[in-house]
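Everything on this sheet refers to the single structure shown next.
The values are calculated or read from the model by the stated rules, or taken from the named source; none is laboratory data. The structure presented is a predicted model; accordingly, all values stated were derived computationally and were not measured. Note that we place each Cβ from the backbone using ideal geometry, even for glycine, and neighbour counts take in every protein chain shown. For the accessible areas, the whole protein counts, side chains as well, though only heavy atoms, and no ligand, DNA or RNA atoms are used. Shrake-Rupley method; radii C 1.70, N 1.55, O 1.52, S 1.80 Å.
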Amino acid sequence: MATTTYQGKATAKERSVSAHSLRSDSAYQEYTLLRITFTVAPIAFGIDKFFNGMVDWEKYLAPWINRLMPGTGHSFMLFVGIVEITAGLVVALKPRYGAYLVAAWLAGIVVNLLTYSGYYDIALRDFGLLLGALTLGRLAMKYDSAPLRLRR
């Protein structure tokens, strides 16, 4: 209904009905929750890479990746923080692309954790998050194209 209503000139009543039906659509609500989650979480974790307030992030870096990267593990984690903040911002602005960026980043994290013994539980959790990001990407294919005025 949302896409057909805005193809021509829509009346104020039609716009109101379309916006209401979109907000009450359970799939749209799921899209919104996932969008918020994959905006806030990467930004929060990215910022924490600079402060290590939640955890010492370097302990999760597999030694073979640390050897491949120039600089120290700490400098690599700062780079990781910048990537995560950027990914969260892309999800906020354009979730149909940002969701796949986050999914790809999570896939890299899963590979890192699976190759570093002792963190399989976290790898499984991040795999679940990866599936959530892919779900957001699929939902964004439908809802990210809705006009901004409709999403209010």
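For the pair LYS142 and LEU68, what calculated FRET efficiency results from E = 1/(1 + (r/R0)^6), where r is the Cβ-Cβ distance and R0 = 41 Å, to the nearest 0.05?
The value I calculate is 0.60.
Which of the aspartates and glutamates could a cross-linker span from LYS142 if the Cα-Cα distance has to be under 19 Å and same-chain partners fewer than 8 positions apart are dropped?
In chain and number order, the partners are ASP25, GLU30.
Roughly how much of VAL40 is accessible, in Å² to the nearest 10, using a 1.4 Å probe?
90 Å²
Around GLU84, under 14 Å between beta carbons, what's the net of Lys plus Arg minus Asp minus Glu among the other residues?
After counting each charged neighbour, the total is -1.
Quick one: what are the phi-derived ³J(HN,Hα) couplings along the stretch 27-42, Karplus 6.51/-1.76/1.60 with θ = phi - 60°, whole Hz, x for glycine and proline?
Couplings: 5, 5, 5, 5, 4, 5, 4, 5, 4, 5, 4, 7, 8, 5, 4, x Hz.
Determine ³J(HN,Hα), in whole Hz, for all residues of the stretch 104-110 in sequence, where each value follows from phi through the Karplus function 6.51 cos²θ - 1.76 cosθ + 1.60 and θ = phi - 60°; x replaces Gly and Pro.
Residue by residue, the stretch 104-110 yields 5, 4, 5, 4, x, 5, 4 Hz.
Taking θ = phi - 60°, what integer Hz values does the Karplus form 6.51 cos²θ - 1.76 cosθ + 1.60 yield along the stretch 72-83, in sequence order, with x for Gly and Pro?
8, x, 5, 5, 5, 5, 5, 4, 4, x, 5, 4
Dipole size in debye (nearest 20) for the stretch 39-150 around its Cα centre, Lys and Arg Cβ +1, Asp and Glu Cβ -1?
For the stretch 39-150, the charge dipole is close to 420 debye.
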